[in-house]
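The values are calculated or read from the model by the stated rules, or taken from the named source; none is laboratory data. Bear in mind the structure is a predicted one, so any value in this text is a computation, not a measurement. Note that we place each Cβ from the backbone using ideal geometry, even for glycine, and neighbour counts take in every protein chain shown.
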Ligand SMILES: C[S@@+](CC[C@H](N)C(=O)[O-])C[C@H]1O[C@@H](n2cnc3c(N)ncnc32)[C@H](O)[C@@H]1O
């Protein structure tokens with residue numbers, strides 16, 4: 001994998017809390033967060049005393065390499081957002097400059113935590129659809145802005161394999177959002193829900209408190 005092929009962009013703990021509708025009980029469990037990239041969810045969770053492990057292929061790189069990649073891509077991302085501003089809900093996040101500040105703050109927190117977190121086993125270089133964890137090692141497994149969002153790049157088989165693997169290592173899986181980068185409903189969603197139901201899993205589409213991409217306010221909750 002080449003780091004320049006990935007756009008590093010990370011959200012913060014409050015955004016994860018809204019997206020995934022965390023209860024106090026959820027946060028007391030052991031959480032696996034897949035495709036976390038440079039999000040500050042893990043760093044902030046650690047400060048609050050919660051138990052979170054993040055996996056992402058970018059964790060194979062050093063702090064300096066990830067920082068350079070963030071520095072190189074941030075301006076480009078903000079320009080694209082300004083151009084496509086109508087596709088986003090500017091409410092909690094007021095404008096592109098506000099967004100830039102929130103994202104850069106989150107990524108700085110991640111970078112400051114990365115080397116120590118790697119040593120503590122909180123940032124692991126592992127990629128879906130295979131996870132190097134034992135069965136039922138976690139209470140909850142999350143995917144924020146990875147599964148379904150990249151439906152044009154990742155096919156239905158990848159999605160099904162990934163979610164089944166997440167269900168192997170965790171009692172419950174939550175995925176947000178359920179739309180693609182273009183803002184359309186993921187073409188894989190209905191088939192994935194059908195196939196999970198056929199395998200005996202319970203799937204529920206939940207309205208979350210978070211909406212930044214217009215129409216991106218639904219979260220999929222799957223339990224064994
Ligand atoms: C748009 S970012 C989302 C970052 C973070 N979850 C958030 O919501 O702020 C998508 C992340 O998925 C990661 N990714 C790409 N392929 C992956 C794979 N096969 N397994 C796990 N993560 C992957 C990328 O490295 C990137 O960090």
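Only residues in the range 108-132 that are farther than 24 Å from residue 164 by Cβ and touching a residue at least 40 places away in the same chain (Cβ under 8 Å) count as the first member; pair them with residues that are part of a loop (DSSP other than H, G, I, E, B) and more than 13 Å from the ligand (Cβ to nearest atom), Cβ under 9 angstrom, at least 6 apart or cross-chain, and list the lot. Pairs that qualify, where the first residue is farther than 24 Å from residue 164 by Cβ and touching a residue at least 40 places away in the same chain (Cβ under 8 Å) and the partner is part of a loop (DSSP other than H, G, I, E, B) and more than 13 Å from the ligand (Cβ to nearest atom), are 113/122; 114/62; 115/62.
Residues that are farther than 28 Å from residue 158 by Cβ and more than 11 Å from the ligand (Cβ to nearest atom): find the helices (runs of 4 or more DSSP H) completely inside the range 1-106 holding 3 or more of those. Can you show your working first?
Details: elements: 13-20, 24-28, 41-48, 63-83.
The qualifying helices (runs of 4 or more DSSP H) are 24-28, 41-48, 63-83.
Could you list, in sequence order, the residues of the range 181-224 that are closer than 20 Å to residue 166 by Cβ, touching a helix residue (DSSP H, G or I) at 6+ places or on another chain (Cβ under 7 Å) and exposed (fewer than 14 other Cβ atoms within 10 Å of the Cβ)? Those that are closer than 20 Å to residue 166 by Cβ, touching a helix residue (DSSP H, G or I) at 6+ places or on another chain (Cβ under 7 Å) and exposed (fewer than 14 other Cβ atoms within 10 Å of the Cβ): 191, 224. Just one of the listed residues (151, 144) is touching a residue at least 12 places away in the same chain (Cβ under 8 Å), farther than 23 Å from residue 31 by Cβ and surrounded by 19 or more Cβ atoms within 10 Å (Cβ to Cβ), namely 151.
Against the test of being more than 10 Å from the ligand (Cβ to nearest atom) and closer than 21 Å to residue 199 by Cα, the options 147, 160 yield a single qualifying residue, 160.
Could you say which residue among 71, 26, 64 is over 29 Å from residue 135 (Cα atoms) and modelled with pLDDT of 95 or more? Before the answer, list the steps.
Numbers: 71 fails: modelled with pLDDT of 95 or more; 26 fails: over 29 Å from residue 135 (Cα atoms).
Only one candidate passes the filter, namely 64.
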